[in-house]
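A.B. asks: Can you keep this structure in mind? I'll have questions shortly.
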Amino acid sequence: MSDVSCGKGGGSDSHFHLRIASVFIILVGSMSGALFPVLAKRTSWLSVPKPVFDFAKYFGSGVIIATAFIHLLDPASDELTSPCLSDAWRVYPYAFALALLSIFSIFIVELIAFRWGTAKLARLGIRHDPHGHGIGGHAAHGPEGNVEGLEGSAEGSAEKGALKADDSFGTETHVHEISTDSALAQVIGIAILEFGVLLHSVLIGLTLAVDKDFITLFVVIIFHQTFEGLGVGSRLAFMRLPAKYNYVPIVGALVYGIATPIGIAAGLGVRTTYNPNSAEASIVSGVMDALSAGILIYTGLVELLAHEFLFNKEMIEGSNGKLAYALVCMLAGCGIMALLGRWA
């Protein structure tokens, strides 16, 4: 670490034209990874088989979890113990403490939100399981509720009922209420996931714009952003929303796609003054990476792993082959993303 420059001078300016081109190259990679699952799920002309969608979904879960530990938490620890910082930063594991704070903050916010939502539905006479136990749904990807006493359907799912919802009839209004609650839960869940990913994406864009090892980092980030986009896009594609909210997954994919290019463009704009090794940059990126790591750890382990496997009726009662396929896809995503951490 003796060659680390802690001054306020700018970062590397080599391969400048390629750095400019990287804005558009990574835009294409990120946007393709995030948009493909969303558009493929909505259009019949692509004719993507269900096993391919399942692969994207479980592969993406593994990518997100590996991102949290390998691409966020470890760099955050390095940044907050940088030799450019005062000794006070090295007497306590601040990166892990901030990740812990982030995990419990997200948990408490989600707990309060579900308590409020469940109480609201209870006042309407609707029984709602926010975790979808025994149903196959879950909070992050579409909690389903049970409506008791609906004519012709004692147990109607929120999403199916939403297609027939009409506020001019009392029973249908109840179904609409469930659909609204389900949509809100899904949007909150995906917003939490995207918030953690977007912070990380902007920061790596800034770093790429001024890093002296540009070529290696550039190649790795192309794959990194494409795979991570596939993970985010697969979660967006499986959102079940009322028709008026159908734009949410597309907007989410577009926002992810432009995050890293925005970071690169900003980095190029301040390349003469921005030094990623300076004390200020280390503190900002370290804190943001640690908070993002906590968000993705919670989302990955609780919302994705637990609810996709432990609380999912399809996995508990399904065939061993289906379970093995899902696990292999998830481990492949995790393994590939963890391997990329060797270079970035």
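One line per residue, one yes/no per condition, for (1) modelled with pLDDT of 85 or more; (2) under 25 Å from Leu206 (Cα atoms); (3) in contact with a Phe, Trp or Tyr (Cβ under 8 Å, 6 or more places away or on another chain):
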site	(1), (2), (3)
Ser5	no, yes, no
Phe16	no, yes, no
Pro49	no, no, no
Ile65	yes, yes, no
Leu72	yes, yes, no
Cys84	yes, yes, no
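A.B. asks: Considering region 207-230 alone, what residues qualify as being out of contact with any Lys or Arg (no Cβ under 9 Å at 6 or more places or on another chain), of a type outside the set (Val, Ile, Thr) and within 21 Å of Ala66 (Cα to Cα)?
C.D. replies: Within region 207-230, Leu217, Phe223, His224, Gln225, Phe227, Glu228, Gly229, Leu230 qualify.
A.B. asks: Oh, and also: Would a scan of region 248-258 turn up a residue that is in contact with a Phe, Trp or Tyr (Cβ under 7 Å, 6 or more places away or on another chain) and under 27 Å from Met330 (Cα atoms)?
C.D. replies: no
A.B. asks: Can you find a residue in region 309-320 that is of a type in the set (Val, Ile, Thr) and more than 16 Å from Ala66 (Cα to Cα)?
C.D. replies: Yes; the residues of region 309-320 include at least one that is of a type in the set (Val, Ile, Thr) and more than 16 Å from Ala66 (Cα to Cα).
A.B. asks: Then there is this: Only one residue in Ser44, Ser82 is in contact (Cβ under 8 Å) with a residue 24 or more places away in the chain, among the hydroxyl-bearing types (Ser, Thr, Tyr), farther than 26 Å from Phe227 by Cβ and in a loop (DSSP other than H, G, I, E, B). Which one?
C.D. replies: Ser82
A.B. asks: From the list Phe59, Phe69, Phe36, exactly one residue is farther than 27 Å from Ser102 by Cβ and in a helix (DSSP H, G or I). Which is it?
C.D. replies: None of the other options fit; the residue is Phe36.
A.B. asks: Right, here's the next one. In region 86-144, which residue that is at pLDDT 85 or above, polar (S, T, N, Q) and assigned to a helix (DSSP H, G or I) is farthest from Ser282 (Cα to Cα)?
C.D. replies: Ser105
Every residue, every condition in (1) buried (at least 24 other Cβ atoms within 10 Å of the Cβ); (2) part of a loop (DSSP other than H, G, I, E, B); (3) under 21 Å from the mean Cα position of the chain (by Cα), yes or no:
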position	(1), (2), (3)
His224	yes, no, yes
Ala253	yes, no, yes
Ile262	no, no, yes
Arg271	no, yes, no
Ala293	yes, no, yes
Leu296	yes, no, yes
Val302	no, no, yes
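A.B. asks: Residues that are in a helix (DSSP H, G or I) and of a type in the set (Ser, Thr, Tyr): does region 312-321 have at least one?
C.D. replies: No, region 312-321 contains no residue that is in a helix (DSSP H, G or I) and of a type in the set (Ser, Thr, Tyr).
The values are calculated or read from the model by the stated rules, or taken from the named source; none is laboratory data. Everything numeric in this text was worked out from a predicted model, so none of it was measured. Here Cβ is always computed from backbone atoms with ideal geometry, including for glycine, and neighbour counts include all displayed protein chains.
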